[in-house]
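Trainee: Handing you a structure now.
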Amino acid sequence: MDVSFKQVNFHYEAVGQDKIVGLNDVTFEIPANQTVAVIGETGSGKSTLVQHLNGLLVPTSGEVTVGGFKVSAKKKQRASVKRDIGYLFQYPEDQLFADTVKEEIGYSLQWLGLPSVEIDKRINHVMDETGLDKELQSRSPFHLSGGQQRRVAIASVLILRPKLLILDEPGAGLDPVSRIEMMDLFMKYKQTNQASIWMVSHSMEDVAGYADYCIHMHEGTVREVGKVESILTQSNLILPQAMQFAKDLRPDQQPPFLRSTQALVDWITTDFMSKSNE
Ligand SMILES: Nc1ncnc2c1ncn2[C@@H]1O[C@H](COP(=O)(O)OP(=O)(O)OP(=O)(O)O)[C@@H](O)[C@H]1O
Ligand SMILES: [Mg+2]
């Protein structure tokens, strides 16, 4: 789903308090089927921005369109857009509520009026997809490990097969191996379902490793937006380790865009070595 923001302003209003600026004149367009990283310091408006994609928040002024449809405050319209958009909150396991894993994962399907055979089929499929053992179906989600709980929360979002998936700091609190497994899971989902992924991230490794586009927020405004290659090679952001290493090797030049340590090794053995031998 392509996304467009046109001069979007958003204020938080609380009784007896001044308005707080959430978004300030935000304008950009991002094509469909991309992985988009939203970065920026704490309080810069990242969560506020992505909550406009599924109508959780609606602009105070300006317009947001997703997949060609205006995201509006009207309940009916919001419901139809929302079905295509999955939102995984930060620490999604905190929102688990059902008695069993099966109920938790299948909960959102109840409203679609599907036959129970079909519901079971979908639950089995999404448990496979998220690496959850089917034996866990009858267990309480509260008695699983932290990593398993995160997977259950992910499965409960993916079961609706969203065309656009919003991830607010998906790797927070996970060990490095689990982070990689989870990002791989999302990338596979994206490929097999031609979906868009929007992820809020503080990890520049994840931004370089997975993103196609990057939106850099600062105090509610978009400081930079564009292809991840150009943002990472041209801005003053803290670089991912591989790119910082390359920059240290050749400080007089713009660093190459490198997605991983392997890309750094390839760059050293080809580009860097050949230029050093000239
Ligand atoms: N519910 C709310 N009511 C009032 N102000 C809010 C609310 N949520 C966020 N804000 C304010 O809006 C601004 C943007 O917040 P937002 O949560 O979008 O930042 P963020 O970039 O996601 O930060 P973090 O990295 O800490 O999650 C901040 O000044 C924040 O204090
Ligand atoms: Mg946030």
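The values are calculated or read from the model by the stated rules, or taken from the named source; none is laboratory data. Since this is a predicted model, take the numbers as computed values, not measurements. Here Cβ is always computed from backbone atoms with ideal geometry, including for glycine, and neighbour counts include all displayed protein chains. Accessible surface areas use protein heavy atoms only, side chains included; no ligands, DNA or RNA. Shrake-Rupley method; radii C 1.70, N 1.55, O 1.52, S 1.80 Å.
Trainee: Where does each of 275, 102 land when they are ordered by accessible area, with a 1.4 Å probe and the largest first?
Mentor: Details: 275 100, 102 75 Å².
My answer, sorted largest first, is 275, 102.
Trainee: Sort the range 239-278 into rounded, prolate or oblate with this rule: let a ≥ b ≥ c be the square roots of the eigenvalues of the Cα gyration tensor; rounded if a/c is under 1.5, and if a/c is not under 1.5, prolate when a/b is larger than b/c, oblate otherwise.
Mentor: Details: a/c = 2.47, a/b = 1.29, b/c = 1.91.
It is oblate, given that a/c is not under 1.5 and a/b is not larger than b/c.
Trainee: Then there is this: With axes computed from alpha carbons, what is the tilt in degrees of helix 176-193 against the longest principal axis of the chain, rounded to the nearest 10 within 0 to 90?
Mentor: Result, in degrees: 70.
Trainee: For a quick size check, give me the Cα extents of the range 158-262 along its three principal axes, largest first, whole Å.
Mentor: 49, 33, 26
Trainee: Using per-residue counts of other Cβ atoms within 10 Å, averaged over each peptide, order 151-158, 106-113, 58-65, 84-91 from highest down. Kindly include the intermediate steps, with their values, before the conclusion.
Mentor: Details: 151-158: 24.5, 106-113: 12.9, 58-65: 17.0, 84-91: 18.9.
Most protected by this proxy first, the peptides run 151-158, 84-91, 58-65, 106-113.
Trainee: Note the per residue figure in Å³ for the convex hull of the C-alpha positions in the chain.
Mentor: Numbers: hull volume 42.0 nm³, N = 278.
Spread over its residues, the Cα hull of the chain gives 151 Å³ apiece.
Trainee: May I have the extent of the alpha carbons of the range 1-70 along their three principal axes, as whole Å values ordered from largest to smallest?
Mentor: 42, 26, 19
Trainee: With a 1.4 Å probe and every protein chain left in place, work out the accessible area per residue of the chain in Å², rounded to a whole number. Kindly include the intermediate steps, with their values, before the conclusion.
Mentor: Working: 14350 Å² over 278 residues.
Accessible area per residue: 52 Å².
Trainee: Ok, one more. Size of the dipole of the range 239-278 about the Cα centre, Lys and Arg at +1 and Asp and Glu at -1 on the beta carbon, nothing else charged, in debye to 20?
Mentor: Working: 4 positive and 5 negative charges, 23 e Å.
Rounded to the nearest 20 debye, it is 120 debye.
Trainee: If you don't mind, there's one more thing I want to ask. Nearest 10 degrees, 0 to 90: what angle lies between the long axis of helix 146-158 and the longest principal axis of the chain (Cα atoms)?
Mentor: 80 degrees
Trainee: Hey, another quick one. Of the heavy-atom accessible surface of the chain (probe 1.4 angstrom), what whole percent is carbon and sulfur?
Mentor: Working: 7190 of 14350 Å².
Solvent-exposed carbon and sulfur of the chain make up 50 percent of the total.
Trainee: What number, in percent, do you get for the relative contact order of the chain if the mean sequence gap of Cα pairs under 8 Å and at least 6 apart is divided by its residue count?
Mentor: Details: 472 pairs, mean separation 62.5, N = 278.
Here the relative contact order equals 22 percent.
Trainee: Now for a separate question. Within a Cβ distance under 13 Å of residue 234, other residues only, what is the Lys/Arg minus Asp/Glu net charge?
Mentor: Details: positive: 223, 227, 247; negative: 224, 229.
For residues surrounding residue 234, the net value is +1.
Trainee: Treating only the Cβ of Lys, Arg, Asp and Glu as charged (+1, +1, -1, -1), what charge dipole size does the chain show about its Cα centre? Round to the nearest 20 debye. Write out the running numbers ahead of the final one.
Mentor: Values: 28 positive and 35 negative charges, 197 e Å.
Roughly 940 debye for the chain.
Trainee: From the residues 235, 214, 277, which one has its Cα farthest along the dipole of the range 180-278 in the positive direction, the dipole being from +1 and -1 charges on Cβ of Lys/Arg and Asp/Glu about the Cα centre?
Mentor: Of 235, 214, 277, it is 214.
Trainee: Sticking with this one: Beyond 31 Å between alpha-carbons counts as too far, so tell me which of 19/163; 46/188; 190/275; 19/227 fall in that bin. Working shown, then result.
Mentor: Working: 19/163 33 Å; 46/188 24 Å; 190/275 38 Å; 19/227 33 Å.
Where the Cα-Cα span goes over 31 Å, the pairs concerned are 19/163; 190/275; 19/227.
Trainee: From the residues 66, 187, 246, which one has its Cα farthest along the dipole of the chain in the positive direction, the dipole being from +1 and -1 charges on Cβ of Lys/Arg and Asp/Glu about the Cα centre?
Mentor: 66
Trainee: Tell me which of 54, 142, 176 sits at the most positive position along the dipole axis of the chain, charges placed on C-beta atoms (Lys, Arg +1; Asp, Glu -1).
Mentor: 54
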